[in-house]
Amino acid sequence: MLSDSLPYFITSTQLFTELFQSEGQELDGLGADLSDLEAQFNVDTATWGLDYYEKELGIPTDNTKPLSYRASVIKSKWRGGGKLNSTLIKTVCDAFTNGNTEVTFDGTIKVKFNSILGIPPNLNDLKAAVSQIKPAYLELVYLFSYLLINEIHQVMTINQLDSTPLNEFAGGV
């Protein structure tokens, strides 16, 4: 502590006590500011820094979307360069769904979401990212997973069924 290195007759005055308290508060605030700045260097922890990433990548900024959605768009744009193949599309889709998509190509590109039941919440952003890297002449189909009767009949309790969102069931909203 700085006050420990000064003589007592100086540190015991009200002026220096208040000065040290004020400087301490400023230094504490500076430490917090540095921590916040450091968080901006990682797209997964960035908040206000996402604006800069989006500007650099030519992505329109939409502050109404959750930070995680915006970070997904940024990551997919970074991953979206190179020759188009199913691996590239999977890499872009995985950025939005935290992995576990399956991409197949048999004349039509098919993207299946394995780890998410229902429609992913940021599907429109994912579609926009994939449409930027795929040729316009290729058809793209999204396949969604839902709970089926054989997965719930005599498997789930009434309480489990009651707590499961409707959009996870086939035909759910």
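The values are calculated or read from the model by the stated rules, or taken from the named source; none is laboratory data. This structure is a prediction, so every number in the text was calculated from the model and none was measured. For neighbour counting, all protein chains shown are included, and Cβ atoms are generated from backbone atoms with ideal geometry for every residue, glycine included.
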Report summary line: Taking the range 41-72 and keeping residues polar (S, T, N, Q) and either over 9 Å from the mean Cα position of the chain (by Cα) or crowded, with 19+ Cβ neighbours inside 10 Å (or both) leaves 42, 47, 61, 63, 64, 72
Report summary line: Restricting the range 115-145 to residues that are surrounded by 11 or more Cβ atoms within 10 Å (Cβ to Cβ) and more than 23 Å from the chain's Cα centre (by Cα), the one nearest to residue 95 (Cα to Cα) turns out to be 140
Query raised in the report: Which of the residues belonging to the range 146-166 are surrounded by 11 or more Cβ atoms within 10 Å (Cβ to Cβ) and either assigned to a helix (DSSP H, G or I) or over 24 Å from the mean Cα position of the chain (by Cα) (or both)?
Result: 147, 151, 152, 155, 156, 161
Query raised in the report: Which ones in the range 95-109 are surrounded by fewer than 19 Cβ atoms within 10 Å (Cβ to Cβ) and of a type outside the set (Val, Ile, Thr)?
Result: 98, 99, 100, 102, 105, 106, 107
Query raised in the report: Within the group 75, 90, 112, which residue is in a helix (DSSP H, G or I), in contact with a strand residue (DSSP E or B) (Cβ under 8 Å, 6 or more places away or on another chain) and surrounded by fewer than 20 Cβ atoms within 10 Å (Cβ to Cβ)?
Result: 90
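Here is a yes/no grid of residues against (1) over 21 Å from residue 84 (Cα atoms); (2) at pLDDT 80 or above; (3) touching a Gly at 6+ places or on another chain (Cβ under 8 Å); (4) not assigned by the TED database to the domain that holds residue 60:
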position: 102; (1), (2), (3), (4): no, yes, no, yes
position: 114; (1), (2), (3), (4): yes, yes, no, yes
position: 119; (1), (2), (3), (4): yes, yes, no, yes
position: 122; (1), (2), (3), (4): yes, yes, no, yes
position: 133; (1), (2), (3), (4): no, yes, yes, yes
position: 138; (1), (2), (3), (4): no, yes, no, yes
position: 142; (1), (2), (3), (4): no, yes, no, yes
position: 160; (1), (2), (3), (4): yes, yes, no, yes
